[in-house]
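Worksheet: the structure to be examined is printed underneath.
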Amino acid sequence: MKKILRTLLAASLLAATAAWGEGIAFISNLKGEVSLDGNPRPMLLAELSRGQKLMLGRDAHVSVMFVATGKEYSLKGPGEYLVKDTEIAAGSGIPPVTRETAWRTSSKVLVQASQTSAASVRMRSISIPKPDTEPRLLFPTQGNVATLQPTFLWRAPKGKAPGEFVLLVAGQEKPVHVAKASSGSYRLPAKLLPDTDYVWAVSVAGSEVGTARFRTLPAEAMERLEQRRPSPKSDFSDRVLFTLMLQEMGASQEAHESWSRLAEERSDLPELAGLAR
């Protein structure tokens, strides 16, 4: 069975990658029995090019978003649908339902996400990583941060005294903030500066747990994110697109957490679990 699943995954990956470089749309949601140009189920975020055909079985659902316009087409099976230059046409079945959105996603981030999820799904079938229990800093430890008031997270040694939290602007010796924290987390009482590099560290009983560096996003980017931040009840595709936006802005850890939440919600899409690794 595992061998069959890997074969199906490889076939769907080939179908998804066929349109890379000339994709005009992509799959923002899918559920049920779906095939692309006669191949097994395409992957979430697979790019589509003009002339490709989607076949949907009974009760299947696919959402297709056009990159240039952000216009999304919702398809429901059974039916056959053709990708055209700026729209989806029904060859048979219920006509697509359309909605206008403000999303604009680059082909580059779509390809990166598709490659990452496919590689992770393949690796998961080979080995299961051992759980990490070593004391270390957890968040933020790399890249950009999409909030000016983050909650810092770390794994402290078991049975040790409360830790000391220290935050500095990179390149400066005087700390911005120093505090005691016993729960392995600390939320800053004030906002950080946008577009600024920071360094933070935690020590427990005189022993350093770790040191990490991160950067806050520029104010304009923060504003864009807040304007587009979906609620938990928003359309699934909106939450996927917001996660891609985080990834495109370099907020990789927050994107990872968002992929994890989506993967828990949609266990039928193994590519989400791949992105959450």
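The values are calculated or read from the model by the stated rules, or taken from the named source; none is laboratory data. Since the model is a prediction, treat every value here as computed from it, not as a measurement. Neighbour counts are summed over all protein chains in view; Cβ atoms, including those assigned to glycine, are modelled from backbone coordinates with ideal geometry. Only protein heavy atoms, including side chains, enter the accessible area calculation; ligands, DNA and RNA are left aside. Shrake-Rupley method; radii C 1.70, N 1.55, O 1.52, S 1.80 Å.
Values computed for the structure shown
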{"read-out": "Among (1) in contact with a Pro (Cβ under 8 Å, 6 or more places away or on another chain); (2) surrounded by 14 or more Cβ atoms within 10 Å (Cβ to Cβ), the one test that ALA276 misses", "value": "(1)"}
{"read-out": "Selected residue (criterion: most open to solvent (accessible area, probe 1.4 Å)) from residues of segment 63-104 that are of a type in the set (S, T, N, Q) and in a loop (DSSP other than H, G, I, E, B)", "value": "THR86"}
{"read-out": "Residue identified as charged (D, E, K, R) and either over 30 Å from VAL64 (Cα atoms) or at pLDDT 90 or above (or both) among LYS160, LYS108", "value": "LYS160"}
{"read-out": "Members of segment 26-49 that are in contact with a Leu (Cβ under 9 Å, 6 or more places away or on another chain), open to solvent by 40 Å² or more (accessible area, probe 1.4 Å) and not acidic (Asp, Glu)", "value": "LYS31, GLY32, ASN39, PRO40, ARG41"}
{"read-out": "Residue within segment 224-246 that is among the aliphatic types (A, V, I, L, M) and within 24 Å of GLY171 (Cα to Cα) present", "value": "no"}
{"read-out": "Set SER185, SER237, SER207: member being under 29 Å from GLU72 (Cα atoms) and either within 21 Å of the chain's Cα centre (by Cα) or not charged (D, E, K, R) (or both)", "value": "SER237"}
{"read-out": "Checklist (1) open to solvent by less than 70 Å² (accessible area, probe 1.4 Å); (2) under 19 Å from LEU262 (Cβ atoms); (3) of a type outside the set (A, V, I, L, M, F, W, C) applied to GLN112, failing item", "value": "(1)"}
{"read-out": "Every residue from segment 181-198 that is touching a strand residue (DSSP E or B) at 6+ places or on another chain (Cβ under 6 Å) and over 12 Å from PHE152 (Cβ atoms)", "value": "PRO194, THR196, ASP197"}
{"read-out": "Test: residue in segment 224-246 that is at pLDDT 95 or above, closer than 17 Å to PRO150 by Cα and among the acidic types (Asp, Glu)", "value": "no"}
{"read-out": "Contacts under 8 angstrom Cβ, first residue in segment 85-98 being more than 14 Å from HIS61 (Cα to Cα), partner open to solvent by 80 Å² or more (accessible area, probe 1.4 Å) and basic (Lys, Arg), 6 or more apart", "value": "ASP85/ARG50; GLY91/LYS53"}
{"read-out": "Test: residue in segment 134-144 that is of a type outside the set (S, T, N, Q), in contact with a Ser or Thr (Cβ under 6 Å, 6 or more places away or on another chain) and modelled with pLDDT under 95", "value": "yes"}
